[in-house]
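Reading through the structure tokens given below for one structure.
Please treat every number below as a calculation from the coordinates, not as lab data. Worth saying up front: this structure is predicted, and the values here are computed from it rather than measured. Every residue, glycine as well, gets a Cβ built from its backbone with ideal geometry; the counts of neighbours run over all protein chains shown.
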Amino acid sequence: MNYNKKTVTDLDVKGKKVLLRCDFNVPQDKTTHAITDDKRIRAALPTIQYLLDQNAAVIACSHLGKPKGQVKPELTLAPVAQRLSELLGREVIFAADTIGPDAQVKAAALKPGQILLLENLRFDIGEEKNHPEFAKALADMAEIYVSDAFGTVHRAHASTAGVAAYLPAVSGFLIQKELEIMGGALNDPKRPFVAVLGGAKVSDKIGVINNLLEKADTIIIGGGMAYTFKKAQGYAIGTSLLEEDKIGYAKEMIAKAEAKDVKFLLPTDNLCAKEFSKDSEPVLVEGDIPEGLMGMDIGPKTVEDFCTAVKGAGTVVWNGPMGVFEFPAFAEGTRAMAKALAESGAITIVGGGDSAAAVEQLGFADKITHISTGGGASLEFLEGLELPGVACLLDK
Ligand code: ADP
Ligand code: MG
């Protein structure tokens, strides 16, 4: 896939109306609907500020939650408009609909240097269904399309891909960074290229492992998904997570790694528990895991092996925690991995919602080259799949 795409600085946006797709899908308090974390709004500021500084008229749009084509008052973007206004220190005009009369009138009247936020895109069924009429109505309000919602680039929706049929389409700074760093790692990695994969399910990461086996020098597998691979190697795994129907796949991957001379590291010792609970007493087990115990985290020997591989790397991509890090007694493997990435001189990339959260919670976020802002999107990126929201942008 071509990741070399035109960006907002490659077009003249001065005085132009710009449709800007943002990711304002922020978490909200269930009862008060107050925004509980405005990180995504803050992340959009550099592109918005650049456009306003260039005297563009910015028509921002986003989805929020899953209204599934219906107007759900609790999923209005009005609180986002307010927070955005506070962060920018200027007025944010809010449209009470998405492509309806209010949006049309306000977009038409919008002046250079002003910003308008449209109501939740997903209030209209045309957004997720990528209806051409909906995409065209969005496009008709503007002269240029800037996409900065990396979290949705794996979806072919009207506002993420459809509009590009009608307007010159470029990336904002957020997507530009994702493409530069993740695209760089996949197409031309600084070697050795080490991929660290973990998390709960093999089935979630099959495509990623398969693609990275073509590119990486070392693949490290931890977390719950490691036990299906251990089982495939003939080890006993007690009551650890197992995807029985993926054992064949695991064998194939191990064989493929061997054939391609890719180092494939699996845990050799584990911290186990009698039951899946934060109060379970950790039991250190080497090799076979006896009946009645489940692997909850990688053990100290494994931590050392994995971290050594990371320390010598040129590029590290990490997706999925090494253990049940939500329980303090089983967080050490994930903590040590985050620290190893932070201390390595490598280009380090963390993708995946839980891994990114772990790195942030553990305080290593500012020592990581890049934390991807899209969970599903970064997985599909690592799978090497074509991302509709990227493919639709103009090539450089
Ligand atoms: P990401 O969001 O980073 O892609 P996943 O969603 O794939 O990560 O996996 C995260 C989950 O995996 C966490 O909730 C964690 O508790 C769980 N997990 C990790 N190791 C184990 C294990 N040994 N047994 C059960 N669950 C695990
Ligand atoms: Mg997750």
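Overview of values
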{"quantity": "Evaluated at q = 0.18, 0.25, 0.27, 0.32 Å⁻¹: base-10 log I(q)/I(0), Debye formula over Cα of region 224-275", "calculated": "-0.58, -0.99, -1.10, -1.34"}
{"quantity": "Residues CYS272, CYS392, CYS22, sorted so that the one with the fewest Cβ neighbours within 10 Å comes first", "calculated": "CYS392, CYS272, CYS22"}
{"quantity": "Rg over Rh, two decimals, the chain (C-alpha only, Kirkwood Rh)", "calculated": "1.03"}
{"quantity": "Mean-position separation - Cα centroids, region 333-380 and region 1-56, in angstrom", "calculated": "23"}
{"quantity": "Long-range amide H partners of GLY238 with built H, under 5 Å", "calculated": "ILE289"}
{"quantity": "Unit charges at the beta carbon, dipole of the chain: most positive-side option, VAL310, ALA95, ALA142", "calculated": "ALA142"}
{"quantity": "Total lysine pairs under 24 Å (Cα atoms) in region 1-98, excluding pairs fewer than 8 apart on one chain", "calculated": "12"}
{"quantity": "Close Lys-Lys pairs in region 203-309, where close means Cα under 12 Å and separation is 8 or more or interchain", "calculated": "7"}
{"quantity": "Value of D in µm² per second that Stokes-Einstein yields for region 277-396, Kirkwood Rh from Cα pairs, at 37 °C (0.692 mPa s)", "calculated": "208"}
{"quantity": "Cα-based helix-to-principal-axis angle, 202-212 vs the chain, degrees rounded to 10", "calculated": "80"}
{"quantity": "Computed magnitude of the charge dipole of the chain (debye, nearest 20; Cβ of K, R +1, Cβ of D, E -1)", "calculated": "820"}
{"quantity": "J(HN,Hα) series, region 298-311, from Karplus relation 6.51 cos²θ - 1.76 cosθ + 1.60, nearest Hz, glycine and proline x", "calculated": "6, x, x, 5, 5, 3, 5, 4, 4, 5, 4, 4, 5, 4"}
{"quantity": "Karplus 3J(HN,Hα) series, Hz, for region 259-268 with 6.51 cos²θ - 1.76 cosθ + 1.60 (x for Gly, Pro)", "calculated": "4, 8, 6, 9, 5, 10, 9, 10, x, 9"}
{"quantity": "Which of LEU197, GLY207, THR160, positive extreme of dipole for region 150-208 (C-beta unit charges)", "calculated": "LEU197"}
{"quantity": "Crossing angle, helix 78-88 versus the chain [Cα axis fit, 0-90 degrees, rounded to tens]", "calculated": "90"}
{"quantity": "Expected 222 nm ellipticity per residue - DSSP helices of 4 or more, -39500 (n - 2.57), all of the chain, to 500", "calculated": "-9500 deg cm²/dmol"}
{"quantity": "Rel. contact order, % - alpha carbon contacts under 8 angstrom, at least six apart, the chain", "calculated": "17"}
{"quantity": "In sequence order, calculated HN-Hα J values of region 30-37 (Karplus, 6.51, -1.76, 1.60; Hz; x Gly/Pro)", "calculated": "4, 9, 8, 6, 5, 5, 8, 8"}
{"quantity": "FRET efficiency estimate (nearest 0.05) - Cβ-Cβ, ASP53 to ASP366, R0 25 angstrom", "calculated": "0.45"}
{"quantity": "Full-extension gain in nm, ARG42 to ALA391, via 0.36 nm per residue minus C-alpha separation", "calculated": "123.1 nm"}
{"quantity": "Sequence of SER240, SER62, SER159 once ranked by neighbouring C-beta atoms within 10 Å, starting from the fewest", "calculated": "SER240, SER62, SER159"}
{"quantity": "GLN233 versus ASP245: modelled label distance in nm, points set 7 Å from Cα along the beta carbon direction", "calculated": "2.6"}
{"quantity": "For ILE220, distant residues with modelled amide H under 5 Å away", "calculated": "ALA195, VAL196, LEU197, LEU265"}
{"quantity": "Size of electric dipole in region 153-285: Cβ of Lys, Arg +1 and of Asp, Glu -1, about Cα centre, debye, nearest 20", "calculated": "160"}
{"quantity": "0 to 90° range, to nearest 10: angle between helix 39-53 axis and the chain longest Cα axis", "calculated": "40"}
{"quantity": "For ARG191, ARG335, order by how many other beta-carbon atoms lie within 10 Å, fewest first", "calculated": "ARG191, ARG335"}
{"quantity": "Residues of type aspartates and glutamates that LYS190 reaches as a straight line, Cα spacing below 13 Å, ignoring anything fewer than 8 places off in the same chain", "calculated": "ASP217"}
